[in-house]
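The values are calculated or read from the model by the stated rules, or taken from the named source; none is laboratory data. Keep in mind that what you see is a predicted model, and the values were worked out from it rather than measured. Ideal geometry is used to build each Cβ from the backbone, glycine not excepted, and the neighbour counts take in all protein chains shown. Keep in mind that these areas ignore ligands, DNA and RNA; they rest on the heavy atoms of the full protein, side chains included. Shrake-Rupley method; radii C 1.70, N 1.55, O 1.52, S 1.80 Å.
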Amino acid sequence: MTQQAEPAVTTPPAPGPKQSDGRTSQRPLALRLLARPEVGVFLGAAAVYVFFLIAAPPVREGSAMSTILYQSSTIGIMALPVALLMIGGEFDLSSGVAVITSALTASMLSYQLTLNVWMGVIVALIVSLAIGFFNGWMVVKTGLPSFLVTLGTFLILQGVNLAVTKLVTTNVATDDISTMDGFDQAKKIFASTFQVGGVTVKITIVYWLIFAALATWVLLRTKYGNWIFAVGGNKESARAVGVPVTFTKISLFMLVGFGAWFVGMHQLFTFNTVQSGEGVGQELIYIAAAVIGGCLLTGGYGSAIGPVFGAFMFGMVNQGIVFAGWNPDWFKAFLGVMLLGAVLINLWVRQSATRR
């Protein structure tokens, strides 16, 4: 005679608050906001803005703010691709002189060969992209640190800019191209202005915001954006899961070349001529704007919005000191304070975001 086992009776849990372990618990909203790389620089930019509103009354005028935004845009347009490159784990110390190389190429080619200036613009774009490709290819194929590779490119371009300009023009600056064919059309695209409420606004401000929105979309909504974060975090792990590391890194360097071309064209069609010795030191400004914007020096972390606020802080301080009537030599001191402060804030933000 067999006995049939009775089904087990499961007692439902008593009602009460749902239990969760540390792995599934949701962090507070404040900590999730602190995890965003642009939060710290946004607060810093707001503080700098309020400070100069009080210390420099002319800042409150629309024309003054237009000047500040223009100053910020010329830095911010280059800071965006530099920031993407840093998120990808690399540096480009040649970005400052590459801007001048692009402008010199377009100017001298157009003037010396009496061509339409658009021919010079196109050739300058090819040269700028080639410089970026060379930097990226050298970094990927040799395994050398991008700091050393681009430092070498920086020195090469600096010497070539000066030597070739003196050889071709017998001067340290290019000739005026404002009377050449195509100049007016190119100026409308790269260096035009328009009126908003009686205030003159430079077109670079619009380009700056468009490029920032596009870069943000690429980083957050595209496969290429995931590749950038992956190669910056750990390129070997990224390669193991199928990320095209070589393509990603070279394309990021070429993106910096595109930015150098665009800013170079703006400078050329704004001033009609180019000084061959300029651009030295600007690469540090671009990198500092990206670092202040929350990009880590080690790569794999950052955003495109952060460098926008970082560039705004540079423009605000640079012009705010002038509007306040202070000695402009203090700008470098403010720059150092902002950089160190941003690094400390970013460190605190990351530690706070990972603290439970």
- prompt: Looking at the stretch 109-224, what helices (runs of 4 or more DSSP H) fall wholly within it and have at least 3 residues that are farther than 18 Å from Thr270 by Cβ?
  reply: 117-142, 146-169, 203-221
- request: Might you check whether a residue that is open to solvent by 30 Å² or more (accessible area, probe 1.4 Å), under 22 Å from Ser95 (Cβ atoms) and out of contact with any Cys (no Cβ under 9 Å at 6 or more places or on another chain) occurs anywhere in the stretch 175-188?
  value: no
message: For Asn171, only one of the following conditions fails: (1) over 23 Å from the mean Cα position of the chain (by Cα); (2) modelled with pLDDT of 95 or more. What is its number?
response: (2)
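Yes/no per residue for (1) open to solvent by less than 10 Å² (accessible area, probe 1.4 Å); (2) of a type outside the set (A, V, I, L, M, F, W, C):
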residue: Ala106; (1), (2): yes, no
residue: Val127; (1), (2): no, no
residue: Ala130; (1), (2): no, no
residue: Gly136; (1), (2): yes, yes
residue: Leu144; (1), (2): no, no
message: Suppose we filter the stretch 325-337 for residues that are under 16 Å from Gly281 (Cβ atoms) and in a helix (DSSP H, G or I); how many remain?
response: 6
message: Kindly evaluate Ser276 against the criterion of being in contact with a strand residue (DSSP E or B) (Cβ under 7 Å, 6 or more places away or on another chain) and among the small types (Gly, Ala, Ser).
response: yes
message: Restricting to the stretch 274-298, count the residues that are touching a Phe, Trp or Tyr at 6+ places or on another chain (Cβ under 9 Å), at pLDDT below 90 and surrounded by fewer than 22 Cβ atoms within 10 Å (Cβ to Cβ).
response: 2
- line: Within the stretch 302-324, of all residues that are in contact with a Pro (Cβ under 9 Å, 6 or more places away or on another chain) and assigned to a loop (DSSP other than H, G, I, E, B), the one modelled with the highest pLDDT is Ser303
- line: Exactly one of Ala230, Ala240, Ala212 is small (Gly, Ala, Ser) and open to solvent by 60 Å² or more (accessible area, probe 1.4 Å), and that residue is Ala240
task: Determine whether the stretch 265-276 contains at least one residue that is part of a helix (DSSP H, G or I) and aliphatic (A, V, I, L, M).
output: yes
message: Looking for something outside any loop (DSSP other than H, G, I, E, B), at pLDDT below 90, touching a Leu at 6+ places or on another chain (Cβ under 9 Å) and buried (at least 24 other Cβ atoms within 10 Å of the Cβ) - is there at least one such residue anywhere in the stretch 79-93?
response: no
message: Being farther than 29 Å from Thr273 by Cβ, assigned to a helix (DSSP H, G or I) and among the hydrophobic types (A, V, I, L, M, F, W, C): is that true of Leu255 here?
response: no
Which listed residue is free of Cβ contacts under 8 Å to residues at least 12 places away in the same chain and either within 12 Å of the chain's Cα centre (by Cα) or open to solvent by 10 Å² or more (accessible area, probe 1.4 Å) (or both), from Phe262, Phe271: Phe271
